[in-house]
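Below is one structure, written out as structure tokens; comments come after it.
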Amino acid sequence: MPSGGSNRRVPPARQSSGDDAALQGHAEPPGAFAAALATVVAALGPLAAAPELEGGSREAADGAGAGAFSAAQRVARACRELGAAAAQLHLQPRRDESLQSPRTPALGRAGHTPFLLSGAPPPFLPTDVQADARVSESEDEDVTYVATEESGSDQSTASGHRAGLEGLALRSVAPSTLKAYKQAWGEWEEFARGRKQRGKSGHRMMLSFIWQLYVSGRSRAVVSRYLAGIAFFCRIKGVPDLTKSGILLKAMKGWARVAPTPPDRRRPIDAALLPGIIGSVGAIASSMFESLLFRLAFSMAYHGAFRISELVAPSKQTDSRMLVEDVVVSGRSLLCRLRRSKTDQVGKGRWVTLVPALEESICPVQLAVQYEAVRPDCRGSWLLHYDGLPVTKFQFRWMMGRCLTSMGLSPSHFGTHSFRIGAATAAAAAGFSGAQIQAVGRWKSSCYKRYIRPVA
């Protein structure tokens with residue numbers, strides 16, 4: 001047998017594969033496996049230490065037989081390679097299998113605090129709430145935690161990324177909704193901070209908080225909004241949602257049974273009232289331009305079933321959602337683009353078409369044609385005063401209340417939603433289907449039914 005073949009060494013790749021096979025097939029941990037290999041090496045030490053003979057040395061071994069000599073040389077080399085593999089396996093334990101092999105327990109679950117993938121609980125939560133934020137092995141068997149410390153720069157970068165994502169998450173709801181949610185979260189945070197030293201669990205504190213709201217006279221609608229706000233921030237902060245306990249869900253359901261929500265008493269502004277309201281604007285407005293402006297606003301609110309937030313600005317310093325470039329006026333229709341709405345927080349946008357009315361004095365198309373001819377040539381809100389400032393919600397409500405009072409009606413029986421209520425009621429009276437009524441007011445659910453009033 002040529003001596004060149006017996007001098008080959010196992011390549012590193014094959015040696016690593018051998019380690020893989022050893023780990024996969026051996027039930028003992030790598031330390032015991034290395035010890036067993038070391039024992040084999042020690043037992044074969046004398047044979048492994050035999051010098052390699054060449055040339056004349058080989059002739060001197062003819063008495064022992066060439067075959068036995070070659071076998072001894074192969075055993076010696078195999079023992080050396082096994083010893084090296086055992087030492088390497090003992091000094092360099094494998095790390096990847098702890099995350100890949102289902103037989104290996106996840107890191108950080110036996111005597112170590114795991115690093116949560118979603119970040120540690122925020123420090124402002126009570127201590128017991130922070131403890132509840134840790135995911136135990138019984139709660140989530142499929143979650144694997146990587147117990148690896150991060151450098152200071154990595155932690156700073158991760159904190160910056162999380163803060164940026166939290167900012168985006170806050171934009172997922174309307175500003176008015178976010179304001180209500182922040183109020184609920186602030187009150188809950190203050191309540192929990194004052195009781196965290198008493199040893200109460202997070203769930204017990206939440207029950208006490210909701211009971212305090214109940215006995216203080218808060219309505220069920222307000223408490224429901226508080227629960228929604230707290231749940232919203234729990235998801236953003238990555239902590240357990242304490243509002244989803246069974247007793248709370250059942251308590252809110254029982255509250256609805258014993259104290260049902262009072263019916264909506266707002267009266268509709270329909271085709272019978274609209275001419276009187278629009279006709280009374282002229283006696284209240286300060287100019288012909290102002291009269292035309294508010295007559296158009298009231299006509300659009302009814303015929304387009306617009307929410308007031310979709311039509312006018314929240315204040316003088318802010319443009320409305322409906323800008324001048326969002327309105328297309330023609331003699332046959334009035335096209336209005338809604339960039340964003342209550343049911344379209346992501347801003348997909350949609351077009352609303354207003355068609356001519358039979359009565360010209362309340363026709364949104366004719367009023368829009370007249371208004372566009374005298375509207376100041378400036379950008380910004382579609383509905384604005386002659387000085388360029390937008391029509392605000394306050395001004396819309398004020399003019400609406402004055403018109404109702406001039407007609408002998410109480411403004412307390414109406415609201416800005418009365419135009420939408422009137423549109424839904426008129427559509428139902430005309431025989432529209434549920435889907436068609438939803439399309440009129442851009443409702444996403446059956447809540448449109450609450451807007452329909454009995455027709456006298």
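A few notes on this one:
- Single unsatisfied condition, residue 184 versus (1) open to solvent by 30 Å² or more (accessible area, probe 1.4 Å); (2) at pLDDT 90 or above; (3) within 21 Å of the chain's Cα centre (by Cα): (1)
- For the range 369-450, the helices (runs of 4 or more DSSP H) that sit wholly inside it and include 3 or more residues that are aliphatic (A, V, I, L, M) and under 29 Å from residue 288 (Cα atoms) are 393-406.
- Among (1) open to solvent by 60 Å² or more (accessible area, probe 1.4 Å); (2) within 22 Å of residue 235 (Cα to Cα); (3) modelled with pLDDT under 90, the one test that residue 198 misses: (2)
- For the range 283-336, residues that are open to solvent by 50 Å² or more (accessible area, probe 1.4 Å), without any contact (Cβ under 8 Å) to a residue 60 or more places away in the chain and part of a loop (DSSP other than H, G, I, E, B) total 5.
- Any hit, the range 248-262, residues being hydroxyl-bearing (Ser, Thr, Tyr) and either open to solvent by 40 Å² or more (accessible area, probe 1.4 Å) or in contact (Cβ under 8 Å) with a residue 60 or more places away in the chain (or both): yes
- Residue count, the range 343-365 (criterion: modelled with pLDDT of 95 or more and not aliphatic (A, V, I, L, M)): 2
- Checking each residue in the range 414-450 for being hydroxyl-bearing (Ser, Thr, Tyr) and without any contact (Cβ under 8 Å) to a residue 60 or more places away in the chain picks out 433, 445, 446, 448.
The values are calculated or read from the model by the stated rules, or taken from the named source; none is laboratory data. Since we're looking at a predicted model, the values are computed, not measured. Cβ sites come from the backbone with ideal geometry, for glycine too, and all protein chains shown count toward neighbours. Note: areas computed on protein heavy atoms with side chains; ligands, DNA, RNA excluded. Shrake-Rupley method; radii C 1.70, N 1.55, O 1.52, S 1.80 Å.
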